[in-house]
Amino acid sequence: SPAGPPSALPAGVRRLLESPEADRQDLRALAVRAGQNADTLSRTLRRTTGLTLGQWRNRYRLQRAQAALREKRTIGEAAAAAGFDDQNYFARWFRSQTGVSASAWRRRERSTGQ
């Protein structure tokens, strides 16, 4: 679904999501750190940005994973950079986020020079 840029997020929520430890916390803990209830925060974010707290967290996780893959790290290192302990789960999650496997995404990035 369409969403505004990360700058559309409230500054406190953006700082939380930019922090790598956010990848390993559940959404309720993140919301508490932001001083809100998880359901309320997700509804507010969806109304104002088009994405829920979980969707925003996935965006940040994906950015970290893609940055690691661009740096020619292994799939396991990219998984860890995005906060995943299980490389197989990461592989399924990455495909669900991008439509391609992490290795195919990396090959495509290398071939387009991005």
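Quick look at the numbers
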item: Unique residue being open to solvent by less than 20 Å² (accessible area, probe 1.4 Å), at negative phi, among the hydrophobic types (A, V, I, L, M, F, W, C) and touching a Leu at 6+ places or on another chain (Cβ under 9 Å) when the list is Ala65, Ala102; result: Ala102
item: Checklist (1) surrounded by 13 or more Cβ atoms within 10 Å (Cβ to Cβ); (2) assigned to a loop (DSSP other than H, G, I, E, B) applied to Asp85, failing item; result: (1)
item: Residue match in the stretch 26-35 (condition: in a helix (DSSP H, G or I), under 19 Å from Ser101 (Cβ atoms) and open to solvent by 20 Å² or more (accessible area, probe 1.4 Å)); result: no
item: Residue pairs meeting the criteria (Cβ under 6 Å; at least 6 apart or on separate chains; first hydrophobic (A, V, I, L, M, F, W, C), in the stretch 72-87; second open to solvent by 90 Å² or more (accessible area, probe 1.4 Å) and not in a loop (DSSP other than H, G, I, E, B)); result: Ala79/Gln87
item: Selection from the stretch 88-103 of residues that are in a helix (DSSP H, G or I), over 16 Å from Arg73 (Cβ atoms) and over 15 Å from the mean Cα position of the chain (by Cα); result: Asn88
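The values are calculated or read from the model by the stated rules, or taken from the named source; none is laboratory data. This is a predicted model, so every value here is computed, not measured. Because the Cβ atoms are built from the backbone with ideal geometry, glycine has one as well, and the counts that use them run over all protein chains shown. SASA here: full protein model, heavy atoms, side chains in, ligands and nucleic acids out. Shrake-Rupley method; radii C 1.70, N 1.55, O 1.52, S 1.80 Å.
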